[in-house]
1. Is there any pair with a first residue in region 210-225 that is open to solvent by 40 Å² or more (accessible area, probe 1.4 Å) and a second that is of a type in the set (K, R) whose Cβ atoms are under 8 Å apart and which are 6 or more apart or on different chains, and what are they?
2. From T44, T58, grab the single residue that is in a helix (DSSP H, G or I), open to solvent by less than 10 Å² (accessible area, probe 1.4 Å) and among the hydroxyl-bearing types (S, T, Y).
3. Return the pairs, sorted by first residue and then second, in which the second residue is not in a strand (DSSP E or B), the first residue lies in region 136-148 and is of a type in the set (D, E, K, R), the beta carbons are less than 6 Å apart, and the residues are 6+ apart or on different chains.
4. For region 217-274, name all the residues that are of a type in the set (G, A, S) and assigned to a loop (DSSP other than H, G, I, E, B).
5. Kindly list, by first and then second residue, each pair from a residue in region 229-248 that is touching a residue at least 12 places away in the same chain (Cβ under 8 Å) and under 21 Å from L184 (Cβ atoms) to a residue that is open to solvent by less than 10 Å² (accessible area, probe 1.4 Å) and assigned to a strand (DSSP E or B), limited to pairs with Cβ atoms under 7 Å and residues at least 6 apart or on different chains.
6. Within region 170-189, take every residue that is more than 15 Å from M102 (Cα to Cα) and away from the ligand (no atom under 12 Å from the Cβ) and give me the one that is most open to solvent (accessible area, probe 1.4 Å).
Amino acid sequence: MKHAARHSFLVRPGGRPRGELRVPGDKSISHRAAMLAAIADGETRVHGFLEGADCLATLRVFEAMGVTVTRQGGVLCIAGAGRDGLRPVAGALDLGNSGTSMRLLAGLLAGQAFDSVLTGDASLRKRPMGRVIEPLRQMGADIAGEAGDLAPLRIRGGRSLRGIRYRPPVASAQVKSCVLLAGLYADGDTAVVEPAVSRDHTERMLSAFGVELFRDGDAVGLRGGQRLTGGELRVPADLSSATFFMLAAAIVPGAEVRLTGVGVNPTRDGVIAILRAMGVGIALENERTEGGEPVADLRVTGGALRGIEIDPALVPLAIDEFPAVFVAAACAEGDTVLRGAAELRVKESDRIAVMADGLAALGVPVEVYPDGLRIRGGGADFAFDGGEIDSHGDHRIAMAFAMAGFRARDTIAIRDCANVATSFPGFVAMAREAGLSIEEANG
Ligand code: S3P
């Protein structure tokens, strides 16, 4: 992807974060909306669907499988094909950069009558897929990866799946969701017992589509054969995208940003606890429920930050927010330490290594562990050096370092930023609206 690698952000120092912003729709919830609507009976109207590259990749796959998708104003209308109404596609389904698409679709497609091949970009083809291959095989699926556990994934349809009770070795909403989606097509009960709680958007949305779930002890599960019924859905603003503006406010004393309509699902809101523990003021206003998900307006105020030892129990609840947390940590008084987060090494990039390199390039002392990072915060007088960051095509790393511009002494150039469009179309315009001096460059 030579061309994409040339897409850069240039961020000039200074500015004071401000304003009231509504970031785009939640990525996790948008994926699930597309998938469940596609196999539901009747039409589903989705308000606030994230039109980012990852969710559009999911949507395109279902369109290729015969699902009709139309847009009426800002509403996405998906005409459900019904439980068994998807049609085979000749050739591989390309999911680009999206791990969520690949892992959830693997479960859904394992239960179809036809064969499928799932592939993706260079990053996705390096990410571990054994974590979904293993439980799907236990259910009787015929699925194989390249060199064992990598994409492309080849799925042979027409297998009869059986329900299992699965204990994944890592807390992963993608694995849990994959198994539950396959469970819809399996005989008997399918349940997942996670080592720690992961985001529960799939469970909430299955309920919204009329599927009955059961919980016993730490397990969540469902009986196979249930049908889904389409309806009206509302996608909240994405807390993971809002995090970059929370970071901006957090690192500039006296700054204040208001983020409206943000999803604050308690299985997903670890970043709020972490930033609060570091001294950031975060007020939740107008708390409400939309489409089965808790939502609030967040008022975030910057102040003096302190370094903390991050509770490892918060790792699955803040798994996508660590690039931003690490940038905040550089501005704190004292060290911030994260352990128990080896999962960060298998995200869109190795987020421990890539963040450590980027922080070091901007003058921040870091110590790298196999499962985390120690960051020496510079305290009240700290400013990032100017410099060049390689985001390795990782959207969240690019956006986290862009916000460092608010606390920098010189220009920061961030390379390989095209994938910001996977989760946050319009990021640059919104960052400008919030007061950041940011430009895009190609070359
Ligand atoms: C996601 C789950 C998380 C997260 C990813 C989205 C989801 O991955 O990192 O960005 O939508 O289920 P894991 O569940 O594999 O940790």
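The values are calculated or read from the model by the stated rules, or taken from the named source; none is laboratory data. Every value quoted in this text rests on a predicted model; they were computed, and no experiment measured them. Please note: Cβ atoms are built from the backbone with ideal geometry, for glycine as well, and neighbour counts cover all protein chains shown. These area figures cover heavy atoms from the full protein model, side chains too; ligands, DNA and RNA do not enter into them. Shrake-Rupley method; radii C 1.70, N 1.55, O 1.52, S 1.80 Å.
1. G210/R227; E212/R223; F214/R223
2. Result: T58 is the single residue among T44, T58 that is in a helix (DSSP H, G or I), open to solvent by less than 10 Å² (accessible area, probe 1.4 Å) and among the hydroxyl-bearing types (S, T, Y).
3. So the pair list comes out as D142/R159.
4. If the condition is that a residue be of a type in the set (G, A, S) and assigned to a loop (DSSP other than H, G, I, E, B), then G217, G224, G225, G230, G231, G254, A255 are the ones that fit.
5. Within 7 Å, the pairs are G230/T44; G231/T44; L233/T44; L233/V46.
6. Across region 170-189, the extreme among qualifying residues is D187.
Residues checked against (1) more than 12 Å from the ligand (Cβ to nearest atom); (2) assigned to a helix (DSSP H, G or I); (3) modelled with pLDDT under 95:
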position	(1), (2), (3)
D320	no, no, no
V327	yes, yes, no
T336	yes, no, no
G340	yes, no, no
I352	yes, yes, no
M355	yes, yes, no
G363	yes, no, no
V368	yes, no, no
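Yes/no matrix, rows are residues, columns are (1) among the basic types (K, R); (2) in a loop (DSSP other than H, G, I, E, B); (3) within 13 Å of the ligand (Cβ to nearest atom):
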site: V192; (1), (2), (3): no, no, yes
site: T202; (1), (2), (3): no, no, yes
site: L206; (1), (2), (3): no, no, no
site: G210; (1), (2), (3): no, yes, no
